[in-house]
1. Can you tell me which condition Ile60 does not meet? The list is (1) at pLDDT 75 or above; (2) hydrophobic (A, V, I, L, M, F, W, C); (3) not in a helix (DSSP H, G or I), and all the others hold.
2. Somewhere in region 21-44, is a residue within 20 Å of the chain's Cα centre (by Cα) and at pLDDT 85 or above?
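The values are calculated or read from the model by the stated rules, or taken from the named source; none is laboratory data. Predicted model only: the values in this text are computed from it and were never measured.
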Amino acid sequence: MALMSVGKRANEQLQKLVRGLKSRLMRPVSMKKAPPNYDRMEKTESMRVEMKSRKAQKLIADTLCIYA
């Protein structure tokens, strides 16, 4: 039974992949333009602090969720 469900899941994943490829191939040529290149913005110190703060808040929330 388990082997059958694995085969079924693989078949569904393959079908999803084929649908995605078909949709990409069927797009009109005008939609296939490459996005414009943007210059990468350097992170400021305040941005780094903000990212660390958000990461710490997420870690605290996850920890409290586990022990609650």
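1. Failed condition: (3).
2. yes
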